[in-house]
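**Q** Can you keep this structure in mind? I'll have questions shortly.
The values are calculated or read from the model by the stated rules, or taken from the named source; none is laboratory data. Owing to the predicted nature of the structure, the values given are computational and were not obtained by experimental measurement. For neighbour counting, all protein chains shown are included, and Cβ atoms are generated from backbone atoms with ideal geometry for every residue, glycine included. Each accessible area value is taken on the protein alone, full model and side chains, heavy atoms only, with ligands, DNA and RNA left out. Shrake-Rupley method; radii C 1.70, N 1.55, O 1.52, S 1.80 Å.
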Amino acid sequence: MTRLHPLILLALLGGCTTVGPDYAAPERAVAEQWVEPAASGPVAPAWWNQFGDPQLTGLIER
């Protein structure tokens, strides 16, 4: 049985290497505001507050 393990592993890995001859990577639409940084300069010490998420703030404070 232990001799089959490497063969099974190779078969599984071999199946993951190709996606097909007609595969084309999808186009990714990126919003214009994400192409360039919104501002240059130092990052605010409490940058996470801009999200207005009390759960995130609680996790960071913990």
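**Q** Could you please let me know if THR57 is polar (S, T, N, Q) and in a loop (DSSP other than H, G, I, E, B)?
**A** No; evaluated as a whole, the condition is false for this residue.
Table: residues versus (1) among the small types (Gly, Ala, Ser); (2) modelled with pLDDT of 90 or more; (3) at positive phi; (4) in contact with a strand residue (DSSP E or B) (Cβ under 8 Å, 6 or more places away or on another chain).
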position: PRO26; (1), (2), (3), (4): no, no, no, no
position: ALA29; (1), (2), (3), (4): yes, no, no, no
position: GLU32; (1), (2), (3), (4): no, no, no, no
position: VAL35; (1), (2), (3), (4): no, no, no, no
position: THR57; (1), (2), (3), (4): no, yes, no, no
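**Q** Can you give me the number of residues within segment 37-48 that are modelled with pLDDT of 75 or more and either touching a Pro at 6+ places or on another chain (Cβ under 9 Å) or open to solvent by less than 100 Å² (accessible area, probe 1.4 Å) (or both)? Give the derivation first.
**A** Of all residues in segment 37-48, those modelled with pLDDT of 75 or more come to 40-48.
Right, trim to either touching a Pro at 6+ places or on another chain (Cβ under 9 Å) or open to solvent by less than 100 Å² (accessible area, probe 1.4 Å) (or both) and you get 41, 44, 46, 48.
The qualifying residues number 4.
**Q** Conditions first: (1) small (Gly, Ala, Ser); (2) part of a helix (DSSP H, G or I); (3) open to solvent by 100 Å² or more (accessible area, probe 1.4 Å). ALA29 passes all but one, so which condition is the exception?
**A** Failing condition for ALA29: (2).
**Q** Right, here's the next one. Can you tell me how many residues within segment 49-62 are without any contact (Cβ under 8 Å) to a residue 12 or more places away in the chain and open to solvent by less than 100 Å² (accessible area, probe 1.4 Å)? First the steps, then the outcome.
**A** Quick first cut of segment 49-62, residues without any contact (Cβ under 8 Å) to a residue 12 or more places away in the chain only: 49-59, 61-62.
Subsequent filtering for residues that are open to solvent by less than 100 Å² (accessible area, probe 1.4 Å) retains 49, 52-53, 56-59.
Count: 7.
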